[in-house]
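Student: Questions regarding the structure given below will be posed in turn.
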Amino acid sequence: EVTNWIIAEVCAQLRRWDKAGILMPHVSINIPGDYLTSPQLNNAIKYNIEKYGIAPERLELEITETSFVENLEKGMRAVNAFRSQGFSVALDDFGTGLSSLSYLRQMQITTLKIDKSFVDNILTSEKDTAIFLAIVSLGQLLKLKVVIEGVETKEQLDFINAHCEQPVIQGYYFSKPLNVEELESRFLLVAN
């Protein structure tokens, strides 16, 4: 029920921004692992994008590797179904669970999100640096959007910018989590 409520709120907020002329190309929604394969999820998403007139490309569903632990085949079908409907799918917290490179080969994901735990020690640990750079390189070679989570310092940011092509970075270095009003006042532009 919470996930369905979040989906409805995200779609409603996107619609409000559209009406206000605020540019917001897409929003990511975390999907709990066990809910990924539920028919209720597909119904909730379809209902809300139709109700609010939101194009599927504007929603990115963030899933974790644990979404596939119980039933890999069912999880793959769910991801592929969402991709065929036009939704982006991000594999969140990559490398922290039961990582398998076969997931990257078999799933039609669009985004690979590198967990903060791989960023924390990139300046002090040769192993962490090597793993981090390998994951970034792998994601880019697979033509995935690579998002680097958990950047907290200028030194981390400088390192990432020096070693990665056009990185997509998120973390407290840029901003703490914001409510809608804070987000609008700090970052969003009104369309002309």
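Student: Residues of segment 154-180 with backbone nitrogen within less than 18 Å of a virtual label 7 Å along the Cα-to-Cβ line of residue 20, please, listed as ranges.
Tutor: Hits in segment 154-180 for residue 20 at 18 Å: 177-180.
Student: If you don't mind, there's one more thing I want to ask. Which of 80, 71, 30 moves the most in a Gaussian network model of the chain with Cα springs under 10 Å?
Tutor: 71
Student: Another question, then. Label points 7 Å out from Cα along the Cβ direction at residue 143 and residue 40: separation in nm?
Tutor: A separation of 3.7 nm, rounded to one decimal place.
Student: Rounding to the nearest 20 debye, state how big the charge dipole of the chain is about its Cα centre with +1 on each Lys and Arg Cβ and -1 on each Asp and Glu Cβ.
Tutor: 680 debye
Student: For residue 1 paired with residue 47, estimate the spin-label separation in nm (one decimal), with each label point 7 Å from Cα along the Cα-to-Cβ line.
Tutor: Taking the simple label geometry, residue 1 and residue 47 are separated by 1.3 nm.
Student: For the chain, what is the accessible area per residue in Å² when the probe is 1.4 Å?
Tutor: So the chain comes to 56 Å² accessible per residue, rounded to a whole number.
Student: For segment 92-173, give the percent of accessible area contributed by carbon and sulfur heavy atoms, probe 1.4 Å, rounded to a whole number.
Tutor: 52 percent
Student: Now a separate question. Set the Förster distance to 22 Å, then compute FRET efficiency between residue 77 and residue 117 from the Cβ-Cβ distance, nearest 0.05.
Tutor: FRET efficiency, residue 77 to residue 117: 0.15.
Student: Starting from segment 126-192, pick out the GluC sites (Glu not before Pro) whose DSSP state is loop and whose Cβ has at most 14 other Cβ atoms within 10 Å.
Tutor: 152, 165
Student: Tell me the carbon and sulfur percent of the accessible area for segment 16-86, rounded to whole percent, probe radius 1.4 Å.
Tutor: Roughly 51 percent, rounded to a whole number.
Student: Could I ask something else about it? Which of [x] 18.5, 57; [y] 17.4, 50; [z] 16.6, 56 is the computed Rg and Dmax of the Cα atoms in Å for the structure on display?
Tutor: [y]
Student: Return the loop-located trypsin sites (Lys or Arg not before Pro) in segment 106-166 (DSSP other than H, G, I, E, B) with at most 16 other Cβ atoms within 10 Å of their own Cβ; answer none if there are none.
Tutor: Loop-located and lightly packed - 143.
The values are calculated or read from the model by the stated rules, or taken from the named source; none is laboratory data. Given the structure is predicted, the values throughout are model-derived calculations rather than measurements. FYI the Cβ positions are ideal-geometry reconstructions off the backbone, even for glycines, and counts take in every protein chain you see. Remember, those area values only see protein heavy atoms, side chains included, never the ligands or the DNA or RNA. Shrake-Rupley method; radii C 1.70, N 1.55, O 1.52, S 1.80 Å.
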